[in-house]
Structures are given as structure tokens and as C-alpha cells.
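Take a look at the structure set out below.
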Amino acid sequence: MYAQNVDTGSKGVRGADELSPEEAAFQARIDDNIKIEPKDWMPAAYRKTLIRQIGQHAHSEIVGQLPEGNWVTRAPTLERKAILLAKVQDEAGHGLYLYCAAETLGISRDELMNKLHSGEMKYSSIFNYPTLTWADMGAVGWLVDGAAIMNQVPLQRTSFGPYARAMVRICKEESFHQRQGYSIMMSMVSGTPAQKEMAQDALNRFWYPALMMFGPSDKDSVHSDQSMAWKIKMNTNDELRQRFVNETVPQAHYLGLTIPDDDLVWNEETGNYDFSQPDWDEFKAVLKGNGPCNRERLGARIKAWEGGEWFRDGLAAYAEKAAKRRAAA
Amino acid sequence: MANEWPLWEIFIRGQHGLNHRHVGSLHAPDAEMAINNARDVYTRRKEGVSIWVARSTEITASTPSDKGPMFDPAEDKIYRHPTFYNIPDEVGNM
């Protein structure tokens, strides 16, 4: 998802008899669905894992602005431009809600930024793919935001209060993102044959990267059990991926587009679509930094951060001077 | 990192005349910028008609471990609620 492969520092979950009294009380609160708040006692590994997960989620929102920002000046109409601008602004807001949630765990904003820029913290693999045509704005909204919603809706019930509250705000706003994407796709498929072809091409390129967003298959996901026991992950990767496929395939059919998977078939018995797995070697390569746009995305973030330093410092210097002047008056 | 902007807590009054409510926090160099940023971060969809900002460091919070002594005493004072008193139906609505 926006947070993939989050390391919990352990493999598997320890039994109740292996927990200290404090840890057992903590786990009991989580089992009772009582929210954990920043000043409450929490195991160091819970704190560390959450910083990783919320940080990665926040970074994804911020880096996620880049593939779409690419199209703000190129949007086909003024209305589409205004809509895309609003969406990109929402992503900035979502990043900010999440950074604040992460900061309640005792890490500073600048530390989070530095960890992103040094490559120590990751962002979602999906944003390392290029947005080549206007139809990609449709595919990103429809598929990428659609996949994000799949994951974020259950996270509104996550155990850490500030994270859950950020998720509530984000989910309220996210539905617009998916619908505007689908609306772009609807326009494209009702246009000229070349435009419909462009929509199909966007679906072809984004389908498997969207499936990768849910993270590795459950059998390869060593940290899932601990994260689920802590309720910072509410469903397994494969569950959410299946749910996404089931919901998205009929939407593609409505558009008259073909999912790029010859083995996609409705399974009467399970009540699910059977589908092909994405190329997990490609996924690993993208996470390692070798996707089509990794260097470009990180480069753009670092450039913005370093280029904005004089401005941040200037505002801070002004605030300090003004405070001194007020104190003297 | 020495120049990191301070953190501000943001409170917003919604459309319907209710109290300002805490909605989240953000970084800004000063109070004026905090209000400007809060407008963009927390009221993109007309969520509010008024914004308060306060430096996070200026907020003093109760400690979680005091929860019992702080809040439990109210538990057995059910006579503070109107439903504690039985008023006969004949009296009418009260």
C-alpha cells in the first residue's frame, strides 16, 4: 500500500506468556479496541514500526504529488487543471496530517525529511512509474487512489489515535480523487479511437504496479502478523488485493477497457476473480531504487528541500526579529 | 535542523456556531503564518469560519496515568444527571 513491507523488527508474534506485564496490558488495550495515545506507554518496537509506517505513508503522499504535478500545466481544460490542482493540494495536506501523526511519536519533521532524502525511509513503489499521457491522470486517480482507499478505510480503526484520526480526514477527501480519475477515463473512452487507445494503454501500464501497492503476497510478508496483532494493519495484503480486483474489474468493463491479464476469470466457487500476480522481482527492484523514476522523484524532492532552505530560514529569521521587537516595545 | 519551524496546534470553529475544536497541528515560523497554513491544510472544504492557533509547547496536558484519580470520582455521582430523578407522568414534561 502507501506503506509497503514495513519492518516490525521481529518475525512472528510472541505468545501471551512471553510478554512483560506492561506489554500484556498494552496488548489487552489494543484487543479491547482502546486507542493508544502519544503519551501512553507503548513497546519500543510498536513506536518504531509506527514511525516507519506513518512516515512511509506521509512520504508517499508528498512524492505522489510529483507524477500528477507533471500534468497541472498540461491539463486539457481549465476545469481539469483546477481539479488536478485541488487534488495535488489534497495530497500535500494528507502528507502534512500524517507527518504530524508521526511526530507525536517523538521524531521531528526534519528528521523524517532527512530520512526520505537519504533513502533510509521509503515511499510507495507506485510513484516510481512515469505518467506519460493525460490518460495516466485518469488511471492514477481511478487505480492508485482506488487502491489507497482500499487500505485506508480499514486504517481508520487502527490502534494509534493520531494515525486513526488522520485517516478519517484523508478518507473523507480521497473519494473525490478516485472519482475524478474515473471521470477522466470516461471522457477518454468516449472520445476518438486514439483517445480510447490512450486510456487502454494507461490501464495496461498501471494495472500491475497498482496490484503491487498492496505489498508482497501473504506468504512472503513476514511482518504482517505482528502488525495485525498491534492493529496497525487491519487486513492482509492478499485480502485487500483481491478486494481491489473484485471491485475494479467491473469498472473496467463499464469503460469498455480490457484488464491486461489473460488469466483473469470470475471464479464462481470462491466468489472472486482469479488473476495473475504482478512481477515481484520488478517490485523488489523498484523498492531497491531501480524503478523507472526513482532517481527523478527523489532528485525533485531534494531539489525542492534544498532550494527552499533560504526561504524557510528567511521566514524563521523574520519571526525571530518580530518577536524581539514585540518584546522590546 | 536548528531552524525547524515550531509546531502549532490548530483549533477550528465549524459552520454551526459550536466551540473551536482541535483538528491537528502544523509547523509555521510564526502565528500569522500558522493561521495562513491552517487555512490551506484544514479548511480546503469550508470546514470552518474561525481559526485559533497555539504553540504546542504552550499546552499543558493531563497525564494518562492520572486518568483514574482525575475522572473516576464523577462515576458515582449519578445524581448529577436529570434521569436520576423520577418525576410522575402526571406532572408532565420536565
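Below are the figures for this structure:
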| quantity | calculated |
| --- | --- |
| Chain-alone versus full-assembly comparison, segment A:87-113, residues with accessible loss of at least 10 Å² (1.4 Å probe) | A:Q89, A:D90, A:G93, A:L96, A:Y97, A:C100, A:E103, A:S108, A:R109, A:D110, A:E111 |
| For A:M121, residues with placed amide H under 5 Å, excluding near neighbours | A:L116 |
| Shielding score for B:21-29, defined as the mean number of other chain Cβ atoms within 10 Å | 5 |
| Approximate shape of segment B:7-62 as ellipsoid semi-axes (Cα gyration tensor, √5λ), whole Å, largest first | 18, 14, 8 |
| Listed peptides B:52-64, B:16-28, A:124-136 by packing density, highest first (mean Cβ within 10 Å) | A:124-136, B:16-28, B:52-64 |
| Sites B:I78 and B:E47, calculated FRET efficiency, Cβ-Cβ separation with R0 22 Å, nearest 0.05 | 0.05 |
| Relative packing of peptides A:304-316, A:31-43, A:218-230 - highest average C-beta neighbours within 10 Å first | A:218-230, A:31-43, A:304-316 |
| Linear extension gain, A:S183 paired with A:C171, 0.36 nm per residue minus alpha-carbon span | 2.4 nm |
| Helical segments meeting 18 Å axial Cα length and Kyte-Doolittle 0.0 threshold in chain A (DSSP H) | A:78-103 |
| Whole-percent carbon and sulfur share, accessible surface of the protein assembly as shown, 1.4 Å | 54 percent |
| Nearest 10 degrees, 0 to 90: helix B:31-42 Cα axis against chain B principal axis | 70 degrees |
| Contour minus Cα-Cα distance for A:W305 and A:K324 (0.36 nm per residue) | 4.1 nm |
| Alpha carbon centroid spacing (whole Å) that separates segment A:222-292 from segment A:104-159 | 17 Å |
| Pairwise label distance in nanometres, A:M228 with A:L19, each label 7 Å out on the Cα-Cβ vector | 1.7 nm |
| Net charge contributed by nearby residues that have their C-beta within less than 13 Å of A:G93 (K/R +1, D/E -1) | -1 |
| Peptide ranges A:256-266, A:204-214 listed from the most packed, as the mean C-beta count within 10 angstrom indicates | A:204-214, A:256-266 |
| Cα→Cβ-extended label distance, 7 Å offset, between A:V265 and A:N204, nm | 2.4 nm |
| Most fluctuating residue given options A:E18, A:E247, A:E197, as computed from a GNM of chain A linking Cα atoms under 10 Å | A:E18 |
| Gap separating the Cα centres of segment B:18-94 and segment A:166-214, nearest whole Å | 39 Å |
| Cα gyration tensor shape of chain A, rounded if a/c is under 1.5, else prolate or oblate by comparing a/b with b/c | oblate |
| Nearest-20 debye value, the protein assembly as shown charge dipole, Cβ charges on Lys, Arg, Asp, Glu | 1600 debye |
| Loss of accessible area when B meets A, both sides summed, Å² nearest 100, probe 1.4 Å | 1900 Å² |
| Rounded, prolate or oblate (a/c below 1.5 giving rounded, otherwise prolate when a/b exceeds b/c) for segment A:90-177 by Cα gyration tensor | oblate |
| Segment A:160-232 shape via C-alpha gyration tensor axes, a/c threshold 1.5 | oblate |
| Projected label distance in nm at B:E32 and A:D40, using a 7 Å step from Cα toward the beta-carbon | 4.1 nm |
| Furthest towards positive pole of dipole, B:I51, A:Q4, A:A194, structure part the protein assembly as shown, Cβ charges | B:I51 |
| Partner chain coverage, peptide A:230-238 - average Cβ within 10 angstrom | 0 |
| Alpha-carbon radius of gyration plus Dmax, which is the widest Cα pair, for chain B in Å | 20.9, 71 |
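The values are calculated or read from the model by the stated rules, or taken from the named source; none is laboratory data. Quick caveat, the model's predicted, so the values are computed rather than measured. Every residue, glycine among them, receives a Cβ derived from its backbone with ideal geometry; neighbour counts consider all protein chains shown. These area figures cover heavy atoms from the full protein model, side chains too; ligands, DNA and RNA do not enter into them. Shrake-Rupley method; radii C 1.70, N 1.55, O 1.52, S 1.80 Å.
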